[in-house]
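Colleague: Take this structure, written in structure tokens, and hold onto it; I'll ask about it next.
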Amino acid sequence: MSANSADPSVLLDVVLVKAGRTKIRYEAELLGDDGTRLSVRAPWAGEGVRDFGFVRFEPGDVFTEYYWRDRWYSVKEVRDASGALKGWYCDITRPATLVGTELIVEDLDLDLWRSAGGDDVRRLDEDEFEESGLSERDPEAAAAAVAALDELEAFATVEGGLESLLV
């Protein structure tokens, strides 16, 4: 697959790994790959509705997802079936790797949500991150994860900040 590929016929399997096990695997359309950042689009891959209280992911939602080979996060723009922006869900991960047609991403538990209007920015799952033991097993990775969350939060709290990562 060449850099800058945006052939809509190219499909990837996004493989989200957590604690050494595949958490979810789903097919996504490759939108672009510049050698550092990959972008894909996929429908909501979860079972039924997932209601977080501050946002609902449900059948018909479309995720445009951005993964970096050199950054410790991914950013997912979430739109409903009509195309209305719900917001951005950001996962703190190890840098993504592409092996054949598998885009492999290791989830490090920390997440960030920013609503479409920017009035709701929240850090998520910090308790799960602490309980994961990553700080003891791999202190460098844990420090990179916390720094990535701080970086994303800074982008999320300024108008156009997250969007600037995606252009």
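The values are calculated or read from the model by the stated rules, or taken from the named source; none is laboratory data. It should be emphasised that the depicted structure is a prediction, and the values quoted were computed from it without experimental measurement. We place every Cβ from the backbone using ideal geometry, glycine too, and count neighbours over all the protein chains shown. With ligands, DNA and RNA removed, areas are computed over all heavy atoms of the protein, side chains included. Shrake-Rupley method; radii C 1.70, N 1.55, O 1.52, S 1.80 Å.
Colleague: Solvent-accessible area per residue for the chain at a 1.4 Å probe radius, Å²?
Modeller: About 50 Å² of surface per residue is accessible.
Colleague: Please list, in chain and number order, the residues 5+ apart from R94 or on another chain whose amide H is under 5 Å from its amide H, with Hs placed from the backbone.
Modeller: E106, L108
Colleague: Can I ask one more? Run the simple label-point estimate for E58 and R41 please: 7 Å along Cα→C-beta, distance reported in nm.
Modeller: According to this spin-label approximation, the distance is 2.2 nm.
Colleague: Ordered by residue, what ³J(HN,Hα) values in Hz, to whole numbers, does the stretch 88-93 give under the Karplus form 6.51 cos²θ - 1.76 cosθ + 1.60, where θ = phi - 60° and Gly and Pro are x?
Modeller: Calculated HN-Hα couplings, in order: 10, 10, 10, 9, 8, 9 Hz.
Colleague: Show me the GluC sites (Glu not before Pro) within the stretch 14-91 that DSSP assigns to loop and that have at most 13 other Cβ atoms within 10 Å of their Cβ. Write out the running numbers ahead of the final one.
Modeller: On the way: sites: E27, E29, E47, E65, E77; in loops: E47.
Those that pass, being in a loop and sparsely packed, are E47.
Colleague: To two decimal places, what compactness ratio does the chain give when its Cα radius of gyration is scaled by 2.2 N^0.38 Å?
Modeller: Output field value: 0.99.
Colleague: L31's amide H: which non-local residues (gap 5+, or another chain) put their own amide H closer than 5 Å, with H modeled 1.01 Å from N in plane and none for Pro or chain starts?
Modeller: Residues meeting the amide H criterion: S39, V40, R41.
Colleague: I need the peptides 105-117, 136-148 ranked by packing, meaning the mean over residues of other C-beta atoms within 10 angstrom, with the highest value on top.
Modeller: Highest mean packing first, the order is 105-117, 136-148.
Colleague: Another one. Can you pull the one-decimal nm distance between simple spin-label points at T157 and W68, each 7 Å off the Cα toward Cβ?
Modeller: Result for the modelled spin labels: 1.9 nm.
Colleague: If you take the C-alpha gyration tensor of the stretch 4-96, multiply each eigenvalue by 5 and take the square root, what semi-axes do you get, largest first, in whole Å?
Modeller: 21, 17, 13
Colleague: Additional query: Relative to the Cα centre, what is the charge dipole magnitude of the chain, using +1 at the beta carbon of each Lys and Arg, -1 at the beta carbon of each Asp and Glu, and rounding to the nearest 20 debye?
Modeller: 400 debye
Colleague: Determine the gain in length on full extension of the stretch T101-E128; use 0.36 nm per residue of separation and subtract their C-alpha separation, reporting nm with one decimal.
Modeller: Extra length from T101 to E128 when fully extended: 6.7 nm.
Colleague: Given the options Y73, Y26, Y89, state which has the largest fluctuation in a GNM of the chain using a 10 Å cut-off (strictly under) for Cα springs.
Modeller: Checking each option, the largest mean-square fluctuation is seen for Y26.
Colleague: How much accessible area does F155 have with a 1.4 Å probe, in Å² rounded to the nearest 10?
Modeller: In the full protein context, F155 sits at about 60 Å².
Colleague: Picking from V105, L162, S135, whose Cα lies most toward the positive end of the charge dipole for the stretch 102-167 (charges on Cβ: Lys, Arg +1; Asp, Glu -1)?
Modeller: Result: L162.
Colleague: For a quick check, take a GNM of the chain with Cα springs below 10 Å and name the residue from R21, R122, R41 with the largest mean-square fluctuation.
Modeller: Looking only at R21, R122, R41, the largest GNM fluctuation is found for R21.
Colleague: May I ask you to evaluate 6.51 cos²θ - 1.76 cosθ + 1.60, the Karplus curve with θ = phi - 60°, for each residue of the stretch 117-125 and list the ³J(HN,Hα) values in order in whole Hz, giving x for glycine and proline?
Modeller: The phi angles translate into x, x, 7, 10, 10, 9, 7, 10, 6 Hz.
Colleague: Oh, and also: Residues in the stretch 104-144, backbone N under 11 Å from the label point at K23 (7 Å along the Cα-to-beta-carbon vector): list them, ranges by number please.
Modeller: Answer for the stretch 104-144: 105-112, 125, 128-129.
Colleague: Calculate the length of the line joining the C-alpha centroid of the stretch 63-87 to that of the stretch 94-167, in whole Å.
Modeller: 12 Å
Colleague: Under the Karplus relation 6.51 cos²θ - 1.76 cosθ + 1.60, θ = phi - 60°, what is the ordered set of whole-Hz ³J(HN,Hα) values for the stretch 68-84, x standing for Gly and Pro?
Modeller: Calculated HN-Hα couplings, in order: 10, 7, 10, 10, 9, 7, 10, 10, 10, 7, 10, 10, 7, 4, 7, x, 6 Hz.
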